[in-house]
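Reading through the structure tokens given below for one structure.
The values are calculated or read from the model by the stated rules, or taken from the named source; none is laboratory data. Quick caveat, the model's predicted, so the values are computed rather than measured. A quick note on method: Cβ atoms are made from the backbone with ideal geometry, for glycine too, and the neighbour counts reach across all protein chains shown. Accessible surface areas use protein heavy atoms only, side chains included; no ligands, DNA or RNA. Shrake-Rupley method; radii C 1.70, N 1.55, O 1.52, S 1.80 Å.
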Amino acid sequence: MGTVAAHGLRKSFDKVQALDGVTLDVPDGSFFVVLGPSGAGKTTTLRAIAGLEKLDAGSVHLDGRDATGDTPAARDLAMVFQNYALYPRRTAYENIASPLRARRCSSSEIAAAVDRMSSLLHIERLLQRRPAQLSGGEMQRVALARALVRSPRAFLMDEPLTNLDLKLRVEMRTELTRIHRSLGATFLYVTNDQVEALSMADQVAVLKEGKVQQVGTPTEVYERPANRWVAGFVGSPPISLLACRAEGDRLVGAEGWTLPRPRWTTAEDGRALLLGLRAEDLSVEQRGDAALPGELYGLEPLGDRTVVDVRVGTEILKVKARPTVTGTQGERLQVTVDLDRAHLFDAGTGLSLSRAGR
Amino acid sequence: MAVSIDEAVSPGPVRDHTAPAPRRGGRGRSVLELALLVVLAAVMLFPALWMLETSIKENRDVYAIPAKFFDFTVTLDHFRDVFVAPGGGRSAVSVSFLNSVVVAGVSTLLATVLGVPAAWAYSRFSVKAKKDQLFFILSTRFMPPVVVVIPIFLMYRQVGLIDSKLGLILIYAAFNVPFTIWMMKGFVDEVPPEYEDAAMLDGYTRLQAFWKFTLPLLVPGIAATAVFALIFSWNEFVFAIFLTSSDDVRTAPPAIAGLIGGTTVDWGLVAAASVVFALPVLIFAYLVRKHLVAGVTLGAVRR
Ligand SMILES: Nc1ncnc2c1ncn2[C@@H]1O[C@H](COP(=O)(O)OP(=O)(O)OP(=O)(O)O)[C@@H](O)[C@H]1O
Ligand SMILES: [Mg+2]
């Protein structure tokens, strides 16, 4: 068992409202990711759930029981801290053993558990070193081992992979997913890396300025962003947003272009809208009926693909293309739009207007 | 005492004794600097040197006119007199040294035991009007002892603490607790609170987390703070002379002062007693010299 639920968490530091009514529902055994930019309140959320931060309002329920006033120890959670928080005077071995020592396990149990963790995380050679003698990535793995060494109600992980190099990060991503499956435990995982969020999560909560913007599966968050901000934050290259309005059966851009009005919109005529177009739903290589005229602004070769920047009026569209695509700057071209996959947002509130019709 | 302050703020190799600070300016400047420092050192150290000499001179040489700098007979008689009474048995001064050890030791222990957890609490928890509280705590140190000694004398007489070691211990502890809180708060602030957070998630209580994880990191700071408190209690004169009178309670400072007076002054004995009195402070100051500098420059430590 291990459900974690936070309801209406509020916390302010002096003038900063770090958490502004955060509500999360983490099901038992799920890999739940909180995704948000720096300063969104991710760490504060985790610390509040762990019982390290006194809340202004809101409650934390663990396994359905109100745990708002409980001490951190009583909550039976394990946490990987963003800055590791490894005990400086203790060896890696002693750091990993610490949760077991607190529970008065026998030294043979401890040795067995630390052994298991160190081979799982490839840190056997580091066990006798102190944190000061470890690299950032090594410290992060020791911190992970310290959390994983026991079986708590749930694991709280604060950006545990950010300091690893790319290769190790990809490796550890798979490894963590595997550990999660084999333990069947609840993971509440915080990151600002959308790739991590989309690749590892069962469920993602997108956090911005202390408010949850959207909760859903990675696909839902990517395919049906609740507002223009989520659409802009999730996805790489970022979604292109064009100002427009509906007029009869046309969408008329502020820059003068027109497109057929998508069947699924319910937006009334004349309302200020934002058309959201992801790079993979645009093409400069295929022809179609829905197209925007523009000129080539730049090419960004990324190896497996090239991102073509197309200027439409004063706005820039990012278009995904094959790596072989070529062109000269200023060249006129047509960008074909897959309108069935486009998004419309209210320009004022930023809320999605697409969901109803899909 | 002058010597230990001197040591504490000496501009020399402050951080690392193996690597002296690089000299600024050219050779001429360094010679001038050296000359000035020698003069300064001579002026500062002369009384201490003279005290040392007097303590090992025979009485004849002590009173010799003109004063003898080098060609005197060395004797340890004065040091014997410090510890042994003329008729045999313990001398009053030696008893006072013992009292000083007890009073300074226990009061420092008390101040540390009370002050360190308080400093931790002020550093870690959000306390209402924290700044005002801390200022109030510090402000108790603004007042010179002579100002409060009369009321305390009257109070002590009421409650029967007058002329007792316990009375001195309590008043010294009371004076040292604010100092300990302030100095230790600086050291606690330097230890990231995350270690305690991690320990609590490991399953320790808040107090265990402090005791097992933060306290060991504070030991150097505690040592430095305790030495300061110890030196204060060891040297304290005003309270000691007002609040104690009998020989078996008196601490060393008033006891040594008591040697001067009467019709003749045994300067050899006074000097020897002073040397013995200064020695522990010098040794302690030497042992924690690095931390003394840290303590003196505490205001400059980032928060
Ligand atoms: N102890 C504190 N005192 C004052 N402000 C704080 C404190 N902790 C957090 N904040 C503020 O609260 C907001 C949220 O901080 P938080 O650490 O939760 O962000 P985060 O999402 O974890 O960011 P990052 O990805 O950079 O770690 C920030 O604006 C931060 O400045
Ligand atoms: Mg953070």
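Points to keep in mind about this one:
- Any chance A:Leu241 is in contact with a strand residue (DSSP E or B) (Cβ under 8 Å, 6 or more places away or on another chain) and open to solvent by less than 30 Å² (accessible area, probe 1.4 Å): no
- Of all residues in segment A:204-259, those being among the aromatic types (Phe, Trp, Tyr) and touching a Lys or Arg at 6+ places or on another chain (Cβ under 8 Å) number 2.
- Any hit, segment A:68-84, residues being assigned by TED's automatic domain parsing to the domain that holds A:Arg153, open to solvent by 40 Å² or more (accessible area, probe 1.4 Å) and within 16 Å of ligand 2 (Cβ to nearest atom): yes
- Annotation: A:Arg261 fulfils all but one of (1) in contact (Cβ under 8 Å) with a residue 24 or more places away in the chain; (2) farther than 22 Å from A:Gln194 by Cα; the unmet one is (1).
- Within segment B:216-227, considering residues that are within 14 Å of chain A (Cβ to nearest Cβ) and open to solvent by 30 Å² or more (accessible area, probe 1.4 Å), the one farthest from B:Met184 (Cα to Cα): B:Pro216
- Filter pass, B:Asp189 being acidic (Asp, Glu), more than 26 Å from B:Ala223 (Cβ to Cβ) and within 26 Å of the chain's Cα centre (by Cα): no
- Selection count where residues are assigned to a loop (DSSP other than H, G, I, E, B) and crowded, with 20+ Cβ neighbours inside 10 Å, scope segment B:233-245: 2
Yes/no per residue for (1) in contact (Cβ under 8 Å) with a residue 12 or more places away in the chain; (2) more than 8 Å from every other protein chain (Cβ to nearest Cβ); (3) under 20 Å from B:Leu207 (Cα atoms); (4) not charged (D, E, K, R):
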| residue | (1), (2), (3), (4) |
| --- | --- |
| A:Gly36 | yes, yes, no, yes |
| A:Thr43 | yes, yes, no, yes |
| A:Arg47 | no, no, yes, no |
| A:Ala50 | yes, no, yes, yes |
| A:Ala97 | yes, yes, yes, yes |
| A:Ala111 | no, yes, no, yes |
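- Among (1) open to solvent by 40 Å² or more (accessible area, probe 1.4 Å); (2) out of contact with any helix residue (DSSP H, G or I) (no Cβ under 8 Å at 6 or more places or on another chain); (3) among the hydrophobic types (A, V, I, L, M, F, W, C), the one test that B:Phe153 misses: (2)
- In this entry, A:Val16 passes the filter for residues that are within 25 Å of the chain's Cα centre (by Cα) and modelled with pLDDT under 95.
- Identity of the residue in segment A:319-353, farther than 18 Å from A:Ala279 by Cα and touching a Phe, Trp or Tyr at 6+ places or on another chain (Cβ under 9 Å), that ends up surrounded by the fewest Cβ atoms within 10 Å (Cβ to Cβ): A:Gly330
- Between B:Leu269, B:Leu230, the distinction of being closer than 30 Å to B:Arg157 by Cβ and surrounded by 15 or more Cβ atoms within 10 Å (Cβ to Cβ) belongs to B:Leu230 only.
- Residues that are in contact with a Ser or Thr (Cβ under 8 Å, 6 or more places away or on another chain) and more than 14 Å from chain A (Cβ to nearest Cβ), drawn from segment B:176-215: B:Asn176, B:Pro178, B:Phe179, B:Thr180, B:Met183, B:Met184, B:Lys185, B:Phe187, B:Val188, B:Asp189
- Residues of segment A:201-217 that are open to solvent by 20 Å² or more (accessible area, probe 1.4 Å) and either away from ligand 1 (no atom under 16 Å from the Cβ) or in a loop (DSSP other than H, G, I, E, B) (or both): A:Asp202, A:Gln203, A:Glu209, A:Val215, A:Thr217.
- Taking the conditions (1) near ligand 1 (Cβ under 10 Å from one of its atoms); (2) away from chain B (no Cβ under 14 Å); (3) hydroxyl-bearing (Ser, Thr, Tyr); (4) open to solvent by 40 Å² or more (accessible area, probe 1.4 Å) in turn, A:Thr23 satisfies each one other than (1).
- Where A:Leu183 falls short, out of the listed (1) among the hydrophobic types (A, V, I, L, M, F, W, C); (2) open to solvent by 20 Å² or more (accessible area, probe 1.4 Å); (3) in contact with a helix residue (DSSP H, G or I) (Cβ under 6 Å, 6 or more places away or on another chain): (3)
- For B:Asp248, the test of being assigned by TED's automatic domain parsing to the domain that holds B:Leu279, surrounded by fewer than 19 Cβ atoms within 10 Å (Cβ to Cβ), closer than 30 Å to A:Ala143 by Cβ and charged (D, E, K, R) is failed.
- Single unsatisfied condition, A:Leu24 versus (1) out of contact with any Asp or Glu (no Cβ under 9 Å at 6 or more places or on another chain); (2) at pLDDT below 95; (3) of a type in the set (A, V, I, L, M, F, W, C): (2)
- Single condition B:Phe210 does not satisfy, out of (1) of a type in the set (Phe, Trp, Tyr); (2) more than 24 Å from the chain's Cα centre (by Cα); (3) open to solvent by 20 Å² or more (accessible area, probe 1.4 Å): (3)
- The residues listed here are A:Asn163, A:Asn192, A:Asn227; of these, the one that is open to solvent by 10 Å² or more (accessible area, probe 1.4 Å), more than 16 Å from ligand 1 (Cβ to nearest atom) and more than 14 Å from chain B (Cβ to nearest Cβ) is A:Asn227.
- Number of residues in segment A:52-81 that are over 12 Å from A:Val4 (Cβ atoms), more than 9 Å from chain B (Cβ to nearest Cβ) and in contact with a helix residue (DSSP H, G or I) (Cβ under 8 Å, 6 or more places away or on another chain) equals 4.
- Residues in segment A:1-42 that are farther than 20 Å from A:Gly69 by Cα, away from ligand 2 (no atom under 16 Å from the Cβ) and part of a loop (DSSP other than H, G, I, E, B): 7 in all.
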